[in-house]
Amino acid sequence: MDARSHQTNKGKVYLVGAGPGDPELLTVKALKTLRKADVVFYDDLVSPRILGVCRKKIQLVYVGKRLGIHSCLQDEINSKLIQAANEFKTVVRLKGGDPSIFGRVGEEFAALLSEGIQCEIVAGITTASGVASSLGFPLTHRDYAREILFLSGHKKDGANSEGFKNLNCVGKTIVVYMGLNSIGLIVSELLDAGNAKDTPIAVIQNATLDTERVFTGNLNSIQSIIEENEVKSPAILVIGEIVRFYREMENLKNDYSSILTPL
Ligand code: SAH
């Protein structure tokens with residue numbers, strides 16, 4: 001049996017980005033794919049409202065961290081997807097944000113293709129873009145940040161990312177995913193790299209959802225701000241002068257709202 005005839009007996013798996021939370025930030029393609037799904041495997045970051053777009057009576061299978069973190073979890077997910085592709089026509093693996101950004105889509109894509117299963121990635125809006133639009137600031141700006149860097153707070157083995165060592169924040173917007181637990185290390189590495197203590201940082205929890213919270217500070221203050229306000233996951237960090245721009249825009253909005261508020 002050649003690879004192509006092998007494939008025709010099986011369903012197709014779509015690795016779909018759910019966006020950062022707000023269901024309106026689903027792409028049209030993601031929405032269409034969810035509506036035709038026979039089974040959906042979803043993880044922690046997918047808002048329940050997004051699952052509501054699926055047809056009634058299909059199987060919704062939770063495969064997130066609450067099931068317990070152990071080394072073979074990714075292998076188990078891969079086998080579940082392979083098994084489902086043998087049973088159903090349209091299988092969706094739904095992931096927060098964009099599946100191609102810190103979403104382990106590579107492992108799943110490779111596992112499926114190596115079993116001869118058809119597979120497609122459906123882009124989602126990554127949290128960084130969701131945050132920028134929800135708070136109303138750009139990620140790049142010719143006067144504040146000409147470059148963007150997406151970093152993860154931790155690596156596969158749990159060690160901190162190498163990306164913060166010797167990193168000069170000037171002229172960049174640095175977005176840190178999964179950075180909450182290693183904030184102390186991130187701050188100390190950025191200070192060791194020679195960045196000023198007053199380098200601005202924002203932390204945004206539950207971005208794009210009704211429960212969104214944003215706090216701004218700098219390298220010196222952000223850790224205590226996070227502790228005092230009990231900021232919890234999911235949260236993203238935005239580092240760089242663009243945070244100053246965000247504050248300036250907030251001040252402008254406040255100035256205008258006081259002018260426009262009737263006496
Ligand atoms: N693929 C996702 C990222 C997955 S890594 C994307 O493109 O956005 C998981 C991390 O994403 C979380 O630890 C957190 O840092 C960030 N994240 C996801 N959703 C978020 C949200 N609604 N608000 C804040 N951070 C979020």
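Summary table below
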read-out: Fully extended contour minus Cα-Cα distance, from R142 to L185, at 0.36 nm per residue; value: 12.5 nm
read-out: Pair R247, E76: separation of 7 Å Cα→Cβ label points (nm); value: 4.5 nm
read-out: Qualifying aspartates and glutamates (Cα of each under 17 Å from Cα of K89; at least 8 residues distant if same chain); value: D38, E115, E120
read-out: Set K36/K95; K165/K253; K32/K57 screened for pairs whose C-alpha atoms are more than 25 Å apart; value: K165/K253
read-out: Amide proton proximity set for A18, modelled H, under 5 Å, gap of 5+; value: K95, G96, G97
read-out: DSSP-defined antiparallel bridges as percent of all bridges, the chain, nearest 5; value: 40 percent
read-out: Distance from the stretch 240-260 to the stretch 94-169 (C-alpha centre basis), Å; value: 28 Å
read-out: Point-to-point label distance, V170-E24, nm (Cα→Cβ direction, 7 Å offset); value: 4.0 nm
read-out: Beta bridges per DSSP with both ends in the stretch 128-252, % antiparallel, nearest 5; value: 75 percent
read-out: Contact order normalised by residue count of the chain, Cα under 8 Å, 6+ apart, percent; value: 19 percent
read-out: Loop GluC sites (Glu not before Pro), the stretch 208-249 (other Cβ atoms within 10 Å of the site Cβ: 11 or fewer; DSSP); value: E230
read-out: Other-chain or far-sequence residues with amide H under 5 Å of Q118's (modelled H); value: V13
read-out: Under the Karplus curve 6.51 cos²θ - 1.76 cosθ + 1.60, θ = phi - 60°, whole-Hz ³J(HN,Hα) for the stretch 171-185, x wherever Gly or Pro sits; value: x, 10, 9, 10, 9, 10, 8, 6, x, 4, 6, 10, 4, x, 5
read-out: Nearest-0.05 FRET efficiency for K32 and S152, computed from C-beta distance (R0 30 Å); value: 0.50
read-out: Expected 222 nm ellipticity per residue - DSSP helices of 4 or more, -39500 (n - 2.57), all of the chain, to 500; value: -9500 deg cm²/dmol
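Read-outs throughout are calculated quantities, based only on the coordinates presented, and are distinct from any laboratory measurement. This structure is a prediction, so every number in the text was calculated from the model and none was measured. Every residue, glycine as well, gets a Cβ built from its backbone with ideal geometry; the counts of neighbours run over all protein chains shown.
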